[in-house]
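The values are calculated or read from the model by the stated rules, or taken from the named source; none is laboratory data. On a predicted model such as this, the values are computed, not experimentally measured, just so you know. A quick note on method: Cβ atoms are made from the backbone with ideal geometry, for glycine too, and the neighbour counts reach across all protein chains shown. We work out accessible area using only protein heavy atoms, side chains counted, and drop any ligands, DNA or RNA first. Shrake-Rupley method; radii C 1.70, N 1.55, O 1.52, S 1.80 Å.
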Amino acid sequence: MINYVTAGESHGPQLTGILTGIPAGLTLDIEAINAGLAARQGGFGRGNRQQIEHDTVTVTGGLRHGVTLGSPLALTIQNRDHAHWSDIMNPTSPATPENTLRQVTRPRPGHADLVGGMKYGHRDLRNVLERSSARETAMRVAIGQVCKQLLAQLGIELVGYVQQIGSITADATEASVTVAELNDAITTNDLRITDQTKVDEIHDLITATKKAGDTLGGVIRVVATNVPAGLGSYTNWDTKLDGQLAAAVMGVNAMKGVEIGDGFAAAGSYGSQVMDEIDWHAEDGWSRLTNHLGGFEGGMTNGMPIIVKAAMKPIPTLYKPLQSVDIQTKAVQKASVERSDTTAIVPASIVVESVVAIELAKALTATFDGSNLARLQTTIQTYRDELQAY
């Protein structure tokens, strides 16, 4: 089964990822991975760091002549900003007064700083914020892009986009819109929204928020199509795929809520308004007349498009900082200020898309033999034919 781990700090030399379980025989498009990394660095409201970093991935294991071997994929992304932090973030040199000048002792509300310091015993909170930074998500995007390429070879498409920024909703899609149509709509603006009439209004909101030294969150929506029914299981709580997706999405920095399908809106509806009535046609097999449940029943995919939504809180690093307390002196002071974005909802939509892709790829390789791509394609097609004939 697919699994992965990442390593590296925000201003360290590089990010590293090890991805296991990718089938042998997948031709990797490195430029497509880099395009995903570039998209993560884009979007209106980003900070100055994006002018320094130009992320590209290097594959140092598990690939030969552009084709996966079935062995672990080793990925690296260089941190170009490390050049300005090489002494402070040197992995091996002993700490000195000169290379510990930029200590952080005033934790930022809403960040991992204080609790991380308490848990791990750090007196310089830079040891916490360097790893808890959203910089790490660049590697999750690279890994997610590999998984997206695998899913595409299995006939599965997905896209993540921005549904809301601050208080402004900007989703003009209908249930029948395809992933390709969503991609076309969101790439015509720098907000990854489908409602082009809201672009100027949101630009103005972000600009005013930046001037005020504040930040914005929003809502992200991911759609995945042609996912076969039966991924996940009802037999145990930890085998439910919607639960695994929710955990992966909540594991993305700043996410504070996850919905499947209608989510919280379903709580205020009648059952007759929410349950998706079942239909069957000889040429297509089983389907649902609606998709309020977001492609899941009993923790399993039901063949309808998967709909996952995530609520992102505003970034906790404010240029007009909130009250904090210095961990050394215990004096009440303003929180530390680190370089930050006004909103990171646009790149976050790429990250959430990526972790959904990873979980779907995990589920497929956990259900079917994922040793070899051609065999996996044949097995899944046989399974699809079996479902249609059920």
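Protein heavy-atom surface of the range 14-107, 1.4 angstrom probe: 53% of the accessible area is carbon and sulfur, with nucleic acids and ligands not counted. Assuming R0 = 22 Å, what is the FRET efficiency of residue 100 and residue 329, from their Cβ-Cβ distance, to the nearest 0.05? E(calc), rounded to 0.05, equals 0.80.
Neighbours of residue 172 by Cβ distance under 14 Å: Lys/Arg scored +1, Asp/Glu scored -1, total -3. Dividing the helix sum by the residues of the chain, where each DSSP H run of 4 or more adds -39500 (n - 2.57), gives a mean residue ellipticity at 222 nm of -9000 deg cm²/dmol. Sorted from longest to shortest, the spans of the Cα atoms of the range 263-390 along the three principal axes equal 71, 45, 24 Å. Straightening the chain between residue 234 and residue 383 buys 51.8 nm, computed as 0.36 nm per residue apart minus the Cα-Cα spacing. Close amide H pairs (under 5 Å, H built 1.01 Å from N) link residue 194 with 172, residues at least 5 positions away or on another chain.
Computed 3J(HN,Hα) for the range 32-45, one whole-Hz value per residue from the Karplus formula 6.51 cos²θ - 1.76 cosθ + 1.60 where θ = phi - 60°, is 5, 4, 5, 5, x, 5, 5, 5, 5, 8, x, x, 5, x, glycine and proline marked x.
Distant-in-sequence amide contacts of residue 14, defined by a placed amide H-H separation under 5 Å and a gap of 5 or more residues or a different chain, comprise 9, 79. Backbone amide hydrogens, once placed in the peptide plane, bring residue 257 within less than 5 Å of 311, excluding anything fewer than 5 places away on its chain. Coupling constants for the range 268-278 follow from the phi torsions by the Karplus curve (6.51 cos²θ - 1.76 cosθ + 1.60, θ = phi - 60°), and in residue order they are x, 10, 7, x, 5, 8, 10, 5, 8, 5, 8 Hz; glycine and proline get x. Using the alpha-carbon positions of the range 132-281, Rg (one decimal) and Dmax (whole number) come out as 17.6, 57 Å.
In order along the range 383-389, phi translates into HN-Hα couplings of 5, 4, 5, 5, 5, 5, 8 Hz, rounded to whole numbers, per the Karplus curve 6.51 cos²θ - 1.76 cosθ + 1.60 with θ = phi - 60° and x for Gly and Pro.
Which loop-located trypsin sites (Lys or Arg not before Pro) does the range 75-161 contain, where loop means any DSSP state but H, G, I, E or B and the Cβ has at most 14 other Cβ atoms within 10 Å?
On the way: sites: 80, 102, 119, 123, 126, 131, 135, 140, 148; in loops: 102, 123.
Qualifying residues, ordered by number: 102, 123.
Once fully extended, how much extra length lies between residue 167 and residue 196, figured as 0.36 nm per residue of separation less the alpha-carbon to alpha-carbon distance?
Values: separation 29, 0.36 × 29 = 10.44 nm, distance 1.63 nm.
Length difference between fully extended and current span is 8.8 nm.
Normalised by the number of residues in the range 167-239, the mean separation of alpha-carbon contacts (under 8 Å, six or more apart) gives a relative contact order of 26 percent. GNM remark for the chain: springs join alpha carbons under 10 Å apart, and the peak mean-square fluctuation among 348, 95, 335 falls on 95. Non-local lysine pairs in the range 189-318, meaning eight or more places apart or on different chains, with alpha-carbon distances under 24 Å, amount to 11. Computed on the Cα trace of the chain, the radius of gyration divided by the Kirkwood hydrodynamic radius gives Rg/Rh = 0.99.
Full extension of the chain segment joining residue 65 with residue 274 gains 70.3 nm, where the gain is 0.36 nm per residue of separation less the Cα-Cα distance. Within the shell of other residues whose beta carbon sits under 12 angstrom from the beta carbon of residue 325, the net charge comes to +2, with Lys and Arg scored +1 and Asp and Glu -1.
With Rh defined as the Kirkwood radius, the inverse of the mean 1/r over Cα pairs, the Rg/Rh of the range 235-308 is 1.02. Calculate, in whole percent, how much of the Cα-Cα pair population of the range 216-274 lies beyond 14 Å. Here the long-distance tail beyond 14 Å is 68 percent of all Cα pairs in the range 216-274.
Note: relative contact order over the chain, using C-alpha pairs below 8 Å and six or more positions apart, is 23 percent.
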